[in-house]
1. Please give the charge dipole size of the stretch 3-247, origin at the Cα centre, charges +1 on K and R Cβ atoms and -1 on D and E Cβ atoms. Round to the nearest 20 debye.
2. Answer with one residue from Ser53, Ala338, Val76: the one whose Cα lies farthest towards the positive end of the charge dipole of the chain, charges on Cβ with Lys, Arg +1 and Asp, Glu -1.
3. Find how many whole Å separate the alpha carbon centroid of the stretch 235-249 from the alpha carbon centroid of the stretch 192-226.
4. Using per-residue counts of other Cβ atoms within 10 Å, averaged over each peptide, order 178-190, 131-143, 104-116 from highest down.
5. Restrict the search to the stretch 240-328; then list the chymotrypsin sites (Phe, Trp or Tyr not before Pro) that DSSP places in a loop and that have at most 13 other Cβ atoms within 10 Å of their Cβ.
6. Under 13 Å between alpha carbons, and skipping anything fewer than 8 positions from Lys222 in its own chain: which aspartates and glutamates qualify?
7. Name the residue from Val232, Val383, Gly119 whose Cα lies farthest towards the positive end of the charge dipole of the chain, charges +1 on Cβ of Lys and Arg and -1 on Cβ of Asp and Glu.
8. Taking the Cα centre of the stretch 198-345 as origin, work out the dipole magnitude from +1 charges on Lys and Arg Cβ and -1 charges on Asp and Glu Cβ, in debye rounded to 20.
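Nothing in this text is a laboratory measurement; each read-out follows from the coordinates by a stated rule. None of these values were measured; they are calculated from a predicted model. Cβ sites come from the backbone with ideal geometry, for glycine too, and all protein chains shown count toward neighbours.
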Amino acid sequence: MAKVVAVTGNEACANALRQVNPDVCGIYPITPQTDMMQRFASYIADGKVDTESILVESEHSSMSACIGAAAAGGRVVTATSSQGLALMWEMLHIASGDRLPIIMPVVNRALSAPLNIHGDHSDAMGARDTGWIQLWSENGQEAYDNTIQAFRIGEHMEIRLPVMVCLDGFIISHSIERMEYLEDQEVRDFVGPFKNFLPLLDLDKPKSYGPLILTDLYHEYKRAQHEVMTKVKDVVLDVAKDFEKLSGRKYGIFETYRLEDADIAIVILNSAAGTTKDVIDEFRDKGIKAGLLKPRLFRPFPFEEVAEALKHVKAVCVMDRADSFGGYGPLFMEVASALYPLERKPLLLNKVYGLGGRDYLPSHAAQVLTELHDISRSGKVNVLKEYIGVRE
């Protein structure tokens, strides 16, 4: 039976980790993730989990410890943000390349310099090509649900890959929301016992992780890593079906909102999607057929499904809360690549918003939808990439 609570996103993720009861947790604080690991550390100290905590001197060390523990045969978790994720960058590739299903909530925060502790998506977008599965969360409920599902996805015997669960810094991590917790036993039954796969501590069958591979096999190894990623989408959907039976909450690889008959659409991640949905309703009341697509699975990116969902739309704006300096936003590039094979494509434009925690307001969504409506009638895009809500 679901338990209704009023908690922050950080607390919800910490509780999900408590309910799963992992073997090892690498812990290092960084704003705005600190509160999550602090809460989980209190569960360890109070004996509410059997988890072994490893307190380290940096995020690089935290991921290194997680890699060792996962290779040894444990169910392993950690969490981070911003510069912490950037400091892990070297080890992220090792975790994925060694097929270690480490679960890591990432509380999204801007990258320095200049120093900024508030939320945008620069950190996870910077790590998008490290071989980790990425799930994104609109609110605390989704962050809690995604954290639980991440174990089933990453630990699937055909996948065995690490998973990031992304949630917006402060907007989700520190805001109190109404949400529903599953019962502890329900979560543990859903996730199931951890299944070892080639553990280092199996002394009867010696093995090595991360050996030297030169030109004779490295290329083939990376191709094989790509092939594993192609299986993730179906596993995500299968796990979501089982989770819906348990919780009543439905998940896919993305969410659409009033998109089926839309003439114009916005593609946007995480918490800003909620604000955009409200403004879409206002435009619908005016007779303007607006819709939304909110990616949940960003890595691997579901190119074919996104193209199918957007192919009928006249004009699409892809909203990025991260930038690629000298290029277009990272989410825009994925959506543009998805739509490229279509014979008839929507007109596309890219808006960068909310960097460093700058508020994303209903007026910004209205500005974008108004521009899209004009483009759908004129057939002309005047500015392909633009920063909205910025002081010129």
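1. On the way: 21 positive and 34 negative charges, 54 e Å.
My answer is approximately 260 debye.
2. Of Ser53, Ala338, Val76, it is Ala338.
3. Cα centroid to Cα centroid, the span is 30 Å.
4. Working: 178-190: 16.4, 131-143: 24.5, 104-116: 21.5.
Highest-to-lowest ranking by the protection proxy: 131-143, 104-116, 178-190.
5. Details: sites: Phe243, Tyr251, Phe254, Tyr257, Phe283, Phe298, Phe303, Phe325, Tyr328; in loops: Tyr251, Phe325, Tyr328.
Sparse-neighbourhood loop chymotrypsin sites (Phe, Trp or Tyr not before Pro): Phe325.
6. The qualifying aspartates and glutamates are Asp98, Asp129.
7. Val383
8. On the way: 23 positive and 24 negative charges, 32 e Å.
Dipole magnitude for the stretch 198-345 comes out near 160 debye.
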